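Below you'll find the structure, written out as structure tokens, and then a few comments.
What follows draws every value from the coordinates through simple rules; no lab data is involved. From a predicted model like this one, the values you see are computed outputs, not experimental measurements. Because the Cβ atoms are built from the backbone with ideal geometry, glycine has one as well, and the counts that use them run over all protein chains shown.
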Amino acid sequence: MLTRDKLTDADWDVIRNTPHLVMLAVSGAGGSGLDEMLERKAGLLGIVEGMHSTLPLLREIAGSTEIMKAQDEIRTWVHGLPDSQRTPGEMQQRALASMGRALDAIAAQGSPDDLSGYVDFVLATATRVAKAAREGDIFGIGGKLVSQDESEFIGKLESLGRGKLG
């Protein structure tokens, strides 16, 4: 089983930060500011649930210190971007690229179970975020549980993850 101590600092950072970037990318895919807040809360709860995983890597990602480090690094990155690059598309591209690097690092150092568990964890987090708030509703009436943009992004994540699993 893969653990933090078997990884370089750079590999650990990308593995730890990817679920947070995915959360940001899904929550930014549409909806109101309130929707984004609800979705990010749901995403953080999903990451914290990694504490109950049988995989040591996921338990380490879910530690409070690691969550805070990931949040700080992502916040610093986002605030360093020019306004023109703070778009949902940019967030999605960054999350997909990070997911690819994380999966490569896990595949190189971990077992197939580590890789599969990580893919499932990230996809579950993304889905949880997407389902946390209805998109296009008015005072809770109408709208879609998962928007088209969220669904398409999660599909890209899933294709990337399943492609690495072989």
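Descriptive notes on the structure:
- The smallest convex shape that holds all Cα atoms of the stretch 9-165, its convex hull, gives 105 Å³ per residue.
- With the simple spin-label model, which puts each label point 7 Å out from Cα in the Cβ direction, the residue 152 to residue 77 separation comes to 2.2 nm.
- Only helical runs count toward this figure. For the chain, summing -39,500 (n - 2.57) over DSSP H runs of n ≥ 4 and dividing by all residues gives -23500 deg cm²/dmol at 222 nm.
- Helix axis angle, 88-109 relative to the chain longest principal axis, alpha carbon, degrees: 20 degrees
- Neighbourhood net charge (14 Å Cβ-Cβ; Lys/Arg +1, Asp/Glu -1) for residue 41: -1
- One chain, two ends: residue 162 and residue 124. Fully extended at 0.36 nm per residue, the span grows by 12.3 nm beyond their Cα-Cα distance.
- Spatially proximal lysines relative to residue 164 (Cα-Cα < 24 Å; intrachain offsets below 8 disregarded): 6, 156
- For the chain, the longest principal axis of the alpha carbon atoms and the long axis of helix 112-130 meet at an angle near 10°.
- Helix 9-27 and the long axis of the chain differ in direction by around 20°, with both axes built from C-alpha atoms.
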